[in-house]
1. Pick from 44, 99: which is in contact with a strand residue (DSSP E or B) (Cβ under 9 Å, 6 or more places away or on another chain) and over 24 Å from residue 166 (Cβ atoms)?
2. Of all residues in region 153-164, which are more than 16 Å from residue 111 (Cα to Cα) and either buried (at least 17 other Cβ atoms within 10 Å of the Cβ) or touching a Pro at 6+ places or on another chain (Cβ under 6 Å) (or both)?
3. Based on what the data block shows, is residue 110 more than 16 Å from the chain's Cα centre (by Cα), charged (D, E, K, R) and modelled with pLDDT of 95 or more?
4. Given the structure, is residue 42 part of a helix (DSSP H, G or I) and either at pLDDT below 50 or within 19 Å of the chain's Cα centre (by Cα) (or both)?
5. Consider only pairs whose beta carbons are under 8 Å apart and that are at least six residues apart or on different chains; among these, list those whose first residue lies in region 130-153 and is farther than 18 Å from residue 78 by Cβ and whose second residue is part of a loop (DSSP other than H, G, I, E, B) and open to solvent by 60 Å² or more (accessible area, probe 1.4 Å).
6. Restricting to region 150-172, what's the tally of residues that are of a type in the set (Phe, Trp, Tyr) and in a strand (DSSP E or B)?
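The values are calculated or read from the model by the stated rules, or taken from the named source; none is laboratory data. Everything quoted here is computed from the prediction, not taken from an experiment. Reconstructed Cβ throughout: ideal geometry from the backbone, glycine too, with neighbour counts over all protein chains shown. Heads up: the accessible areas ignore ligands, DNA and RNA and are worked out on the full protein's heavy atoms, side chains in. Shrake-Rupley method; radii C 1.70, N 1.55, O 1.52, S 1.80 Å.
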Amino acid sequence: MNRLSALLLALLLGLAGCSSSSPSWSTTTAAGAIDGPAIDVDELAEQIHAKLGKSNRDIDKVASVRLAKKVITIKWAIDDNITGDLLKRGAMMDAVEILELVEESAIVYDHVRLRGTFVMVDIKGNESEDVVVDATYSFDELLGVNWMNFLTDNVWTLADAAKIHPEFRPES
């Protein structure tokens, strides 16, 4: 079902006498179907916090979740790990879990932007928390993703646009 069909169906259901005391139903999700009561961005942020858990670094795991001009932007801290490969895998797994939660949220959006941060050290030995993953996904690109069979390694490839620090790119 495409976006227009879902909107028309929602409008028809509204005209058919759905009471105003019922929950606010979303018209679309990334899967393109009516999928339950819509939640707000604050509730999505709480769900992301609950799903990702606490950071293993001395920093908030989820820095921000914002919705502006139909773009949901999520900034989160990538957990440290014992090897570079596990660090990369953790960042990709977080991204997949966040995208799944966005889809389940039934918030109407055009794009989702994921911004993952990690502590980086410059040539002088100074540390700073920097964005190392910046990936943007369109509604249309996420449409029809089967998260149950989705390979985590493909999360950056699925993005419409992505800037991934070399230390966080999967091995080729």
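1. Among 44, 99, only 44 is in contact with a strand residue (DSSP E or B) (Cβ under 9 Å, 6 or more places away or on another chain) and over 24 Å from residue 166 (Cβ atoms).
2. Of everything in region 153-164, those that are more than 16 Å from residue 111 (Cα to Cα) and either buried (at least 17 other Cβ atoms within 10 Å of the Cβ) or touching a Pro at 6+ places or on another chain (Cβ under 6 Å) (or both) turn out to be 153, 164.
3. So residue 110 does not fit the description; no.
4. yes
5. 138/160; 141/160
6. So the answer is 0.
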